[in-house]
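Engineer: Quick one: the structure is below, and I'll ask about it shortly.
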Amino acid sequence: MKEAGMLFTDDMVQAILDGRKRVTRRLVKFPKGFEPGFSTNPIGSDGRWFFSGAGSVNVVLAMSNGMRCPFGGPGDRIWVRESWNVYERLDEDLLHLFDKIPKTRPKVPHALVYRASDAGDFDWRPSIHMPRWACRLELPIVSIRPERVQDITEADAKAEGVAIKYYHGAWCEAKSYRDAFLHLWEGLYWRKGLGFDANPWVWRIEFGPARVLA
């Protein structure tokens, strides 16, 4: 079984905990110099996906071997990386032990806290720095396929865990779950030139109920 860490925002972590989020989309990262055809229909075989497109001879030859989703496939699992910290309740002097994040779970008495669900004025550690031992959520992968981000349906947008009411400088109400997802995607990728209108390729990853470890 393959495991892969994946970053999630606080609201998406809460959606997972609530059972509202069962699908996520992540950008397909093609080799530098490869341009997939806009109307291409990738073919899947044995966990690999084959895209038609253009590029240098070496890149096109490399793509002839197909692409695998870097997060795994059905039967593998994702471990959620979220904002977190170690909260020592017994001895404040022990906090210095966590100035550098250990690679394995410490044996000293401690408690883990997570920004998505724990109230408190903690000095939160960013999700990208979360080690595997601090993870509290595991997601079993059910299915993976590539698609264009604009292919998302209303049902799939709801399964993404988005809320009809969202905050964008002020509270707004979307016309649909798909519209709410559009605003979420724009907030994450518009400045990178990969907004909804750019219609980039994404991995659509569906997962089963989360396993809560902590």
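Engineer: What list of ³J(HN,Hα) values in whole Hz, one per residue of region 7-12 in order, does the Karplus curve 6.51 cos²θ - 1.76 cosθ + 1.60 (θ = phi - 60°) give from phi, with Gly and Pro shown as x?
Structural biologist: Once θ is set to phi - 60°, the couplings for region 7-12 become 7, 9, 6, 4, 5, 6 Hz.
Engineer: Mind listing the long-range amide H neighbours of residue 112? Cut-off is under 5 Å, sequence gap 5 or more, other chains count too, H placed in the peptide plane at 1.01 Å from N.
Structural biologist: HN-HN under 5 Å from residue 112: 87.
Engineer: Let me ask you something else. Work out the length of the dipole vector of the chain about its Cα centre, built from +1 on the beta-carbon of each Lys and Arg and -1 on the beta-carbon of each Asp and Glu, and round it to the nearest 20 debye.
Structural biologist: Value, rounded to 20: 660 debye.
Engineer: Among the listed pairs 29/158; 2/32; 21/175; 2/192, give every one whose C-alpha distance is greater than 21 Å.
Structural biologist: 29/158; 2/32; 2/192
Engineer: Whole-Hz Karplus ³J(HN,Hα) for region 140-147, in order, using 6.51 cos²θ - 1.76 cosθ + 1.60 and θ = phi - 60°, x for Gly and Pro?
Structural biologist: Along region 140-147, the couplings run x, 6, 9, 7, 9, 8, x, 7 Hz.
Engineer: Given (i) 60, 42, 30; (ii) 50, 42, 28; (iii) 49, 41, 38, which label gives Cα extents along the principal axes in Å as computed from the coordinates?
Structural biologist: From the options (i) 60, 42, 30; (ii) 50, 42, 28; (iii) 49, 41, 38, the structure gives (i).
Engineer: By how many nm would the segment from residue 54 to residue 20 lengthen if fully extended, with 0.36 nm per residue of separation less the alpha-carbon distance? Before the final figure, lay out the partial values.
Structural biologist: Working: separation 34, 0.36 × 34 = 12.24 nm, distance 3.89 nm.
Full extension of this stretch gives 8.4 nm more.
Engineer: While we're here: Just from its helices, what would the mean residue ellipticity at 222 nm be for the chain, if runs of 4 or more DSSP H residues each count -39500 (n - 2.57) and the sum is divided by every residue, rounded to the nearest 500 deg cm²/dmol?
Structural biologist: That comes out to -4500 deg cm²/dmol.
Engineer: Against the longest alpha carbon principal axis of the chain, how many degrees, from 0 to 90 and to the nearest 10, is the axis of helix 177-189 turned?
Structural biologist: Once rounded, the angle reads 80 degrees.
Engineer: Taking the Cα centroid of region 179-195 and of region 133-168, what is the distance between the two, rounded to the nearest whole Å?
Structural biologist: 14 Å
Engineer: Show the residues, 5+ positions off or on another chain, whose built amide H is closer than 5 Å to the amide H of residue 28.
Structural biologist: 201, 202, 203
Engineer: Next question, about the same structure. Between residue 46 and residue 190, what is the label-to-label distance in nm when each label sits 7 Å out along the Cα-to-Cβ direction?
Structural biologist: A separation of 4.4 nm, rounded to one decimal place.
Engineer: Considering the zone a paramagnetic label at residue 175 would reach in this model (a point 7 Å from Cα along the Cα-to-Cβ line), which residues of region 128-156 have amide N under 18 Å from it?
Structural biologist: Answer for this model: 150-156.
Engineer: Sticking with this one: Got a sec? How would 63, 1 order by Cβ neighbour count within 10 Å, fewest to most?
Structural biologist: 1, 63
Any read-out appearing in this document is the output of simple, stated calculations on the displayed coordinates, not a laboratory observation. Keep in mind the model is a prediction, meaning the values are calculated, not measured. Every residue, glycine among them, receives a Cβ derived from its backbone with ideal geometry; neighbour counts consider all protein chains shown.
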